[in-house]
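**Q** Below is one structure. I have some questions about it.
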Amino acid sequence: MRTIDLSGKSALVTGVANHRSLAWAIAEALGEAGSRLAFTYQGERLKESVTSLAAKYPGSPVLPCDVTKDDEMDAVFAYLGREWGKLHVLIHSIAFARKEDLEGEFRRTSREGWNTALEISAYSFVALTHRAARLMADGGSVLTLTYQASQRVFPNYNVMGTAKAALEHAVRQLAFELGPQNIRVNAISAGPVSTLSARGVSGFTGMLSENRERAPLKRNIEPREVGDAAAFLCSPSSSGITGHILYVDAGYNIMGI
Ligand code: NAD
């Protein structure tokens with residue numbers, strides 16, 4: 001049996017907030033596969049939590065990176081360029097929309113709310129990939145996290161659905177542009193998992209029970225399953241796959257009624 005081997009690879013994992021974060025499940029899967037890890041955190045508020053999780057992988061750099069700040073993004077890649085030279089994997093696991101834009105009527109979304117959601121949840125993927133690609137001299141794998149609200153209507157998900165549609169387009173566009181450098185760009189479309197961000201969507205618990213009832217596997221997914229799929233997409237086992245959205249949702253996306 002072939003197992004996933006990422007030894008000798010260097011991965012930057014963004015989007016860890018706490019042990020429930022999908023980014024943390026992905027970091028654990030990459031770490032188990034032998035990858036060297038670096039982490040970023042958004043603001044001082046999360047520094048301690050990310051630093052204490054990262055301690056499981058001694059020597060992992062833990063760097064500040066609020067994606068609304070170009071200088072913080074630049075500093076992360078300058079540091080990795082200096083310390084590691086090359087990067088093989090980028091995990092983008094970042095999304096945000098204001099609470100008032102994750103409930104009620106989508107048509108009331110303010111200009112500011114729209115810009116915030118799209119900047120943090122979609123533009124940041126383009127900006128981080130651009131910087132990461134410069135360090136991927138041996139080729140690489142870039143991965144982001146999306147949700148099926150990019151394609152279909154999930155009440156209350158609202159402007160985050162718009163952001164995920166933009167994000168999925170960016171996956172294809174970046175896969176096209178970076179393919180010649182053997183940099184693959186993919187996304188995992190995860191089913192609902194109770195995390196800090198997910199609980200910000202009004203009616204999220206209803207989404208969990210709806211998914212459990214209707215999904216072919218008759219259950220919700222485990223974060224570990226997102227981690228395993230991510231390790232596959234970042235490994236040579238998926239060398240022919242780019243520009244792809246892989247559903248890890250217990251099959252929910254295939255259902256009509
Ligand atoms: P989470 O709250 O653990 O992670 C979201 C992360 O985004 C946090 O670490 C937060 O610090 C980061 N972030 C927000 N604004 C930022 C900024 N300005 N700069 C840098 N980082 C910032 O929740 P999660 O569910 O693990 O979310 C990770 C990704 O997975 C998101 O893209 C989310 O949309 C996606 N996703 C989640 C689910 C789910 O049900 N949990 C389903 C499908 C997709």
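**Q** Suppose every Lys and Arg Cβ carries +1 and every Asp and Glu Cβ carries -1, with no other charges. What dipole size does the stretch 1-160 come out with about its Cα centre, to the nearest 20 debye?
**A** The dipole magnitude comes to about 280 debye.
**Q** Further, regarding this structure: Counting heavy atoms of the protein chains only and a 1.4 Å probe, report the per residue accessible area for the stretch 125-208 as a whole number of Å².
**A** The answer is 38 Å² per residue.
**Q** Oh, and also: In a shell of Cβ-Cβ distance under 11 Å around Gly8, excluding Gly8 itself, what net charge do Lys and Arg (+1) and Asp and Glu (-1) give?
**A** Around Gly8, the charge tally is +1.
**Q** Could I ask something else about it? May I ask for the net charge around Ser110, where only other residues with Cβ less than 10 Å from the Cβ of Ser110 are counted and Lys, Arg are +1 while Asp, Glu are -1?
**A** Working: positive: Arg98, Arg108, Arg111; negative: Glu100, Asp101, Glu112.
It works out to a net charge of 0.
**Q** Work through the residues other than His130 whose Cβ is under 12 Å from its Cβ and net out their charges, Lys, Arg +1 and Asp, Glu -1.
**A** -1
**Q** Given a 1.4 Å probe and heavy atoms of the protein chains only, how would you sort Arg108, Arg98, largest accessible area at the top?
**A** Putting Arg108, Arg98 in descending order of accessible area: Arg108, Arg98.
**Q** Which number gives the lysine pairs in the stretch 10-248 that have C-alpha atoms under 30 Å apart and are eight or more places apart or on different chains?
**A** 14
**Q** Would you tell me the accessible area of Lys69, worked out with a 1.4 angstrom probe on the heavy atoms of the protein chains, in Å² to the nearest 10?
**A** Per-residue accessible area (Lys69): approximately 90 Å².
**Q** Using the Cα centre of the stretch 1-90 as the reference point, and only Cβ charges (+1 on K/R, -1 on D/E), how large is the resulting charge dipole? Debye, rounded to the nearest 20.
**A** 320 debye
**Q** Run the accessible area of the chain with a 1.4 Å probe and give the carbon-and-sulfur part as a rounded percent.
**A** Roughly 52 percent, rounded to a whole number.
**Q** In degrees from 0 to 90, rounded to the nearest 10, what is the angle of the helix 204-214 Cα long axis to the longest principal axis of the chain?
**A** With rounding to tens, the tilt is 90 degrees.
**Q** Same structure, new question: Angle check, please: helix 158-178 long axis (alpha carbons) against the longest principal axis of the chain (alpha carbons), in degrees 0 to 90, nearest 10.
**A** Once rounded, the angle reads 30 degrees.
The values are calculated or read from the model by the stated rules, or taken from the named source; none is laboratory data. Just so it is clear, the structure is predicted and the values come from calculations on it, not from any experiment. Don't worry about glycine lacking a Cβ; one is built from the backbone with ideal geometry, like all the others, and counts go over all protein chains shown. Surface accessibility is based on the protein's heavy atoms, side chains included, excluding ligands, DNA and RNA. Shrake-Rupley method; radii C 1.70, N 1.55, O 1.52, S 1.80 Å.
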